[in-house]
Every structure is written in C-alpha cells, then in structure tokens.
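First the structure, in the form of structure tokens, and then the observations on it.
The values are calculated or read from the model by the stated rules, or taken from the named source; none is laboratory data. Everything numeric in this text was worked out from a predicted model, so none of it was measured. As a convention, Cβ positions derive from the backbone with ideal geometry for all residues, glycine included, and neighbour counts pool all protein chains shown. Only protein heavy atoms, including side chains, enter the accessible area calculation; ligands, DNA and RNA are left aside. Shrake-Rupley method; radii C 1.70, N 1.55, O 1.52, S 1.80 Å.
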Amino acid sequence: MSNLKMKEAALIYLDRSGGLQKFIDDCKYYNDSKQSYAVYRFNVLINPSDIVELDAELGNHILHQPLKAAQVFQSVCYIAVKTLSLIGQLQTETQINIVLKLTHLPPLPSYCLDLCEFPRDYTSQRFYTMQGIVIAMTTVTKYTQGARFLCSDEACPLSKGFQYIRVHVPGATESATVRSDFLCNLCSSSLQEDRKFRVLGDKQIVEIITAKSLHAFQGCCNNQPFRFQSLTVFLRDESVNKMNIGNEYKVIGIPACVKTSQTAICIEANSITFCIPKVPSGISDNFRCLLSLTSSSCWKFTAILANIFASQIVPPGTYNLLKLCLLMSLVQTSDRNKELENCLDILIVTSDTILIDRLLNFSINLVPRGIRHSVSTEIFPTLSRNKYGTGAVSIQAGSALLAKGGICFIGDLASHKKDKLEQLQSAVESRSITVYISGKKFGDDVDQQMTFPVQCSFWSFLDMDSPSRRNIQKTNMLIGQMDCSLIPANLVEAFALLINCNESSPCHPLLPTVQHTLKKAIDPEGLLYLASKQFTTEDFEKLLAFAKNLNVEFSLEAERMIHGYYLASRRIRTDSICGSKLSASALKYLVSLSEAHARLNLRNKVLKEDVLIAALLFETSLTLKYGAAVFCVAPNAVFPFEQYDEEYLEQRDVYLTECQQQLQQFIATYGPGTAIFASDE
C-alpha cells in the first residue's frame, strides 16, 4: 500500500509540475524514430520541497534512497506508456531508465560533502551537495548507458525479448554494466550481450577542490603545513562540457569510491550550478569618511590609498606609483562568470626583488583568486593520462587558468625558460591558450586541440642586479628607455605597464625602507604606523571587493580624450621602417586603466581626470619601453612631490591640472580629427 501511495504521489507531482507533458513529448520522439531501443532514457526534474509537501515518504525516498525512488517513477512512467500507447516498441518496464534531476537540496549540514571536515559519509547512496573549483578535466569519451543481454541457450525462453536489461547507475563502473560473467536466472546459462542494442552516452571526468584549498596557491605567510585533496566528479550526457576549468560550481550528486592505484572519492554529478559570489554591501566607515573628506578632488582619494596601502610591507609614502598600479590591477579582477577583457598586466624592473616579492605576495591575497605560481608547477595547462583508465586525456589547469578572474603572480620573469616565455607572450597577446592533444601519444585516432581563455592579470618582475643581466648590457639606449634585454622585447611590449623601481627612481626612497625592515625584524606582528591601525587589511579587502563590482561607463569628454591620446601617441611613435610601436591593444589598456582609476575612486562614471592618470601611467611605461617622445612625462608625474600632507595633495592637484592642459594641447596638435572641448564649452 505504501508503494502504491508513492506511485500516486509521483503521478500527481508529474502532472502538476509539467513533467508528465515533457515525458509525453520525449516518448513521441522515441516513437517517431521507428527504431527499437534497448533502453529509453528520461530525465525527470524534481523539486524536493514540492515533493515533500505533497508526500513526505516519497520525498524522503528521493533524498535518501534515490535509486528506489527512481524505480517508483519508472513504474509510473511504464504504466503511462502502456495506457496511452506512447511507445509502440517498448516491451518491458526495465527498458525505461529514469534519471531524477534535483533542483536543490535542503540547506542543512548533513547534505553537504566537505573534504575539509570529518567524518566523510560517502558510502550511503544518497544525494549530497559539494562546492568547488575545477582544476582538471578530461576530454569527452563514451560509456554504456544501457545494454541488452540474451540467454546463450536458444531453448531458454529468455533467449529472446528484453528481459535482461542492464543500465548504468550512479557510482557504477563500466564493468558493472557490461561484462561476460552474467548468468541466466532461469537456466543458469551464460548471458551474451546483443551489441546492436547497446546504448552509448557521453562521459567526462572533472577534478574540483574546495575554495579553502586556494590558500595553498596564494603564498600565505603563516607557514602552517596543510594538505588538500581533490574530488573527482563524473559528468554524463547532458552534463558534459557544462563545467569550465577555473570556475567554481555547486554540484549535487551521489558519492562513491572508485578503485584506482589508490581508493579515490568521486561523485556522480546530478545537477551543476555556477557559483555567483555575493557582492559586498559597502566599505568600512574609515574609508567612507576618507572618501567624503576628499570628495572635492578626483585624485586625492586614490593618492591616499596608494600612500597607505600595504603599510605592513613597506612604509607609507614609498613605492606609491607601484602600489597605485597594483590597486588598479586588483580592481580590474572579477568574481563573475564573464570574460575578463580589461586585464592589467604589470612588469616591474627592480633591484630589490625580496621587497617587491613580499609586496606583490601581500597584494594577491586581497582577492579570492590571487595565485602565486610555484616553480614546481606549470603556468599553463598540461596533459596527462587519465588515472581512471577511461582512455581520456586529463587536462591540468596550471596557475593561469586557476587564477581565472584574478591575478597570477609568476615571480622573476628571467627564471622561466625560453619556451615558457614564448607561451606567456602568446597568452598575454591573444588572451587564450591552445592545448594540442596528440592522438598517437594518447591512443586516439585523430589529433585534437582545445582553446582556453586566459582571464587573469599577470604580475612579474625583473632583477636589475641579475648576473646574467650584467653580461648583456645594451649600448644604444634612447633617453628614458629601460634596459630589459634579459627577456624578449616582444614580451616586454605585451605587458600593459612597465614600472621602474630601482634605487635611483623616485618610488624607492632607501632610508624609510631600511628603518621599516629593521623594525619589522624586531616586531614582526607589530603595527608600526597609524595608517595600519586605521585602515586594516580587511578594510582594503572590502574596498577592493566593492570597487571591482562597480559598473562604470565613460563620459563623452573622457571617451574623446582617450581616443585622442591614443591616436596622437600612435602617430608620434610611428616610423616608415618599423611602423607603429603602439598595437591595437594599447587602446584596450588605456580603457582598462581609466576604468580602474574610476572604480578605485568608487565612481560609476569615467571622467577626463581618470583618463589623465591612465595617460600618465601609460606614457611612463611607453618611455621605459621605447624612450621619450614629444609628450614628455616625468618618471614621477603621478606622484611629483615627497611630502605627504594636505598641502602636498593640493600641490599635486595643481600639478595634475597643468598636466591635463598639456595632454589636451598634445591631443589638439597630434591627434587630427579629434575634438577636444574646454570645460566652459
């Protein structure tokens, strides 16, 4: 009676939810094909909340005994097929394969499978939810959805018909569905598969890790040892190719153990949802107050941010140019599943690699996807044989794809081999990486290639005091040009910003840095400056999280100015032999820099003042790459003075206003066809 009641409830639910009509439509497809199938597969969408309200017992079966619940729906669907004559070729109930697709699970701890916590109950065949980031995936291969077996004894009545049907169930291996040692229940003769009725489906294997595991890739300074384990997810049929490397997903599925070289935990995916992080509601009170106090200027707020940023690593007032660029690159990151078109790649030339390394490592920990590349790993995807013996090729993410929507800090650029630098140059220029899969090497008939978008910003540095650099000194340097002969010139040009941070540059005052280092050696955890107490690391995390989610648009005058500067710069840096030194991506970098400065000011509109900062930073970088040009910008143009008080901020505003007038004059002179309007017009 209990089983009959559940069947009635299942039929009522299908009717109310629209599932019955969908089932009838699916049956029509099978019936119109005029082909006899061994297995007829149907997906049934289940909302557990609605089911539990309708019939608690059926709801309990779906959540805790899904295989038995599928049998209830199988029986209901078989009766519907026979009653309504939906599929003329169907003979037995076992030919119907019902796959229950859940919309969600109850938000309770007992339904979560977390590899970071014990105990791990992955032996019960019920649904769990798991959230994680994809770090590896295989190519798509085939598996057996269902198969028909016949008794080998022709005199046996079960040597005909569709009495012996094997279908794949969650957690089962291929050998559990198809093998040669099955026996007839009637005469005990061996069963033989009727291969022409085998039904194949698509299969893909994905490895995910919990977001907590990303601390292993962020170069955390606490030096506490820890381990993490990936979880294997099996995707089948309509779920194949629904997950991308680097994205975070919530997976509902049934866990199981798979025997490989060692026992591995896996989960058979039932439904997949892309995880969208919550947008922070605002910024800290201290930053809100600072923003209000500096609201009269478009430049003061970001100047103060750069001044006080990372005071745990370097003293306030030092490395301001670099810190501003880092903050602007950080606000151009994204937690959303969208193309990150406005990346800001930064290459730093320095003689103090230890300090720069600490500063960059501190900065990447302020965003969720700040990845510090380890020398023992790969920057870009690599190939290996799949450990589950499916014949598929496993594609491992690499640091760049793992940093999707964030920052990939790759350390000293000169420490990478030539082929890796060429790969990096290609990825930075095209924002994609292509993996070639040799069919001969991995046992396939044809070669394949897969292209992945590279949606992160790259940070790196060059050591000015490198012994190899001393041996390769360029002699024909132009005024203002930086010697970067240690790496290919095309790679240097590919970076949006080239920043000079050596002892002779204004952004590297030596004495305050030495004093800071000595104080930190005495008291590593101490907060040495008032700024560190007023504006904490958590405050900066909230600020960046809020700023990067702002939707910004260009004002008309900002748009005209940015196009005018681009055209003028392209014109003056073009010669008859080499052509233009500015690529089409230069305009993209200028747009990104302008947007970043507006976001850092917590504004939704890009103003001409933002374009000025973008132009000064970009022109400084161009000067280091190619030498000075007509629009001559001082190396310290963005931070022209050494004192850091209210008077300094006012003087800086006056200086930047003069720079803006010079920029407009430059555009008017060298940017033909660009209309620049004065403020009164």
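Hey, which of these cross-link pairs are over 23 Å Cα-Cα: LYS34/LYS68; LYS101/LYS142; LYS34/LYS160; LYS101/LYS387; LYS323/LYS588? Beyond 23 Å between Cα atoms: LYS34/LYS68; LYS101/LYS387. In this label model, CYS632 and SER33 are separated by 7.7 nm, measuring between points 7 Å along each Cα→Cβ vector. Tell me whether region 1-41 comes out rounded, prolate or oblate; compute the Cα gyration tensor, take square roots of the eigenvalues as a ≥ b ≥ c, and use a/c under 1.5 as the rounded threshold. It is oblate, given that a/c is not under 1.5 and a/b is not larger than b/c. Ranked by the mean number of other Cβ atoms within 10 Å per residue, highest first, peptides 306-319, 98-111 order as 306-319, 98-111. In the chain, Cα pairs under 8 Å separated by at least six residues give a relative contact order of 11 percent. Label positions at LYS68 and ILE12, each projected 7 Å from the Cα along the C-beta direction, are separated by 2.1 nm.
Below 8 Å, C-alpha to C-alpha, sequence gap of six or more: please give me the relative contact order for region 83-193 in percent. This gives 22 percent for region 83-193. Using Cα atoms only, what is the angle between the long axis of helix 353-364 and the major principal axis of the chain, expressed in degrees (0 to 90) to the nearest 10? The angle comes out near 50 degrees. Output the 0 to 90 degree angle, nearest 10, between the alpha-carbon long axis of helix 19-32 and the longest principal axis computed from the alpha carbons of the chain. For 19-32 against the chain, the angle is about 70 degrees. Under the shape rule built on the C-alpha gyration tensor, where the axes satisfy a ≥ b ≥ c, region 562-668 is prolate, since a/c reaches at least 1.5 and a/b is greater than b/c. The percentage of C-alpha pairs in region 355-462 whose separation is greater than 19 Å is 49%. Once you have a ≥ b ≥ c as the square roots of the Cα gyration tensor eigenvalues for region 294-407, tell me rounded if a/c is under 1.5, and otherwise prolate or oblate according to whether a/b is larger than b/c. Cα axes put region 294-407 in the prolate bin. All other residues whose Cβ lies under 15 angstrom from that of ALA38 are scored, Lys and Arg at +1 and Asp and Glu at -1, for a net of +4.
Here region 1-158 is treated as a sphere whose radius is the Kirkwood value from Cα pairs; by Stokes-Einstein at 10 °C and 1.306 mPa s it diffuses with a coefficient of 88 µm²/s.
For region 11-64, the ratio of Cα radius of gyration to the globular rule of thumb 2.2 N^0.38 Å stands at 1.38. The slack between SER85 and LEU293, meaning 0.36 nm per residue of separation minus the straight C-alpha distance, is 67.2 nm.
Per atom type, the chain shows carbon and sulfur on 52% of its accessible surface, probed at 1.4 Å. The calculated FRET efficiency for SER188 paired with LYS212, based on their beta-carbon distance and R0 = 56 Å, is about 0.55. Estimated from the Cβ-Cβ distance and a Förster radius of 30 angstrom, the FRET efficiency linking THR92 and ASP444 is about 0.20.
Along its principal axes, region 533-613 has C-alpha extents of 55, 26, 19 angstrom, given from the largest down. Extension gain for the segment GLU174 to ASP539, taken as residue separation times 0.36 nm less the Cα-Cα distance, is 126.2 nm to one decimal. Here the simple spin-label model places points 7 Å from the Cα toward Cβ, and for THR669 and ASN60 these points are separated by 8.5 nm. Computed across the chain, the Kirkwood radius stands at 29.1 Å (inverse of mean 1/r, all Cα pairs).
Axis of helix 2-17 versus longest Cα principal axis of the chain: the two differ by about 50°, to the nearest ten degrees. Can you give the local net charge around PHE182? Use residues other than it whose beta-carbon is closer than 12 angstrom to its beta-carbon, Lys and Arg +1, Asp and Glu -1. That works out to +1.
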